[in-house]
Amino acid sequence: VAPDSLQNIEHTPSDFQNFWQQARSELDSVAPEYKLSINKKYSSDSVDVYDVEMRSLGNVRVNGYYAQPKNKTNLPVILHVQGYSSVMTPSGLRDSVAQFFLNIRGHGNSKKDVNPGFPGYLLKGLDSAKNYIYRGAYMDCIRAVDFIFTRSEIDTNKIAITGGSQGGALSFVTAALDKRIKLCAPDVPFLSNFRLYFQIANWPFNEFKPYAMSRFKSVDSLYSVLDYFDVSHFTPQITCPVMMGVGLYDDVCPPAINFSAYNNLSSTDKKYILYPKSGHGLPSEQYNIKMDWILKHFN
């Protein structure tokens, strides 16, 4: 089997680029109103951790944690984005790299203005692409990059993004929409090649189908919305180095949908790591490999 040679039929909307340019323009019109406060619980002798609040698309408040090594400058930074329904908190702090742990809208400590819950998140605003919750969630990640660019201690030529599952999807999308991302390290990425995905995995199709049949009378009608959020439609725009982790026994985000996104990359520096006995949760060694890969690129 040669997974990097598998081909998928693309269904990219004709106005895909304009759709996301418009979203970015709307985000730029929202004053971010960054607010930082020290978080003593997560801070240490070598790293200060701050609670961060900012305004994103639709003036929605989103939050995260910024870990800043003390008395350091010209730091690389890693933006961590989260899995579906998970809560992002600071972990794996280092005194050689800054890190931003983002909770997108409806997750963790970013539920003040948007909180559809789980299940329910996947269906929020699904009546149209402009209203769909992931339009805002993708822009939350761009706003996090905006925040990083305000930090004088950061070397803005050294920004990496990483996450697993939904976080893998967010990593790919952010790297596609924002060239300020210089490294992308997704694991088991979600939200790709929906037509194939719905054929081979029980979830999330079992959430989408009842909604589609009750609202639109067919599943096919969903694609007119989901095609704007399909990660495989974003990845041709990615040119930075990429490293992807895959579990061959993953029945939540199966390898076929991971490679639907990966194989569309424009990056010439790309690789993947397969874990033949792993499912949706990859071994802890993948985290260490990923961090080493990022820090090696950033010297």
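Worth pointing out:
- Residue under evaluation ILE181, criteria (1) under 22 Å from TYR275 (Cα atoms); (2) touching a Ser or Thr at 6+ places or on another chain (Cβ under 7 Å); (3) not small (Gly, Ala, Ser), criterion not met: (1)
- Selection count, the range 257-288, where residues are over 15 Å from THR235 (Cα atoms), part of a helix (DSSP H, G or I) and in contact (Cβ under 8 Å) with a residue 60 or more places away in the chain: 2
- Restricted to strands (runs of 3 or more DSSP E) entirely inside the range 1-81, those with at least 2 residues that are in contact (Cβ under 8 Å) with a residue 24 or more places away in the chain are 47-55, 61-69, 75-80.
- Sole residue being farther than 29 Å from TRP293 by Cβ and loosely packed, with under 15 Cβ neighbours inside 10 Å, chosen from ASP28, ASP45: ASP28
- Index of the failed condition, MET213 passing every other in (1) touching a residue at least 24 places away in the same chain (Cβ under 8 Å); (2) part of a helix (DSSP H, G or I): (1)
- Residue check, GLY92 modelled with pLDDT of 95 or more, surrounded by 13 or more Cβ atoms within 10 Å (Cβ to Cβ), small (Gly, Ala, Ser) and closer than 19 Å to ARG143 by Cβ: no
- Residue among GLN17, GLN68, GLN82 that is open to solvent by 70 Å² or more (accessible area, probe 1.4 Å) and not basic (Lys, Arg): GLN17
- For the range 152-168, filtering for residues that are of a type in the set (Val, Ile, Thr) and either assigned to a loop (DSSP other than H, G, I, E, B) or open to solvent by less than 10 Å² (accessible area, probe 1.4 Å) (or both) leaves 3.
- Subset of the range 254-272 [over 16 Å from SER192 (Cα atoms) and open to solvent by 30 Å² or more (accessible area, probe 1.4 Å)]: SER266, THR268, ASP269, LYS270, LYS271, TYR272
- Number of residues in the range 86-113 that are assigned to a loop (DSSP other than H, G, I, E, B) and either over 30 Å from GLY58 (Cβ atoms) or out of contact with any helix residue (DSSP H, G or I) (no Cβ under 7 Å at 6 or more places or on another chain) (or both): the value is 19.
- Taking the range 129-151 as the range and being closer than 18 Å to PHE101 by Cα and assigned to a loop (DSSP other than H, G, I, E, B) as the test, the residues that pass are PHE149, THR150, ARG151.
- Scanning the range 106-135 for residues that are touching a residue at least 60 places away in the same chain (Cβ under 8 Å), closer than 11 Å to GLU207 by Cβ and exposed (fewer than 15 other Cβ atoms within 10 Å of the Cβ) yields one hit, PRO119.
- Total residues in the range 216-244, condition assigned to a loop (DSSP other than H, G, I, E, B), farther than 19 Å from GLN7 by Cα and of a type in the set (A, V, I, L, M): 1
- In the range 179-190, the residues that are modelled with pLDDT of 95 or more reach residues that are open to solvent by 10 Å² or more (accessible area, probe 1.4 Å) and of a type in the set (D, E, K, R) with C-beta atoms within less than 8 angstrom, at least six apart or across chains, in these pairs: LYS182/LYS158; ALA185/LYS290; ASP187/LYS290.
- ASP251 in contact (Cβ under 8 Å) with a residue 40 or more places away in the chain, farther than 16 Å from PHE172 by Cβ and surrounded by fewer than 18 Cβ atoms within 10 Å (Cβ to Cβ): yes
The values are calculated or read from the model by the stated rules, or taken from the named source; none is laboratory data. Just so you know, these numbers come straight off a predicted model, no measurement behind them. Neighbour counts are summed over all protein chains in view; Cβ atoms, including those assigned to glycine, are modelled from backbone coordinates with ideal geometry. Each accessible area value is taken on the protein alone, full model and side chains, heavy atoms only, with ligands, DNA and RNA left out. Shrake-Rupley method; radii C 1.70, N 1.55, O 1.52, S 1.80 Å.
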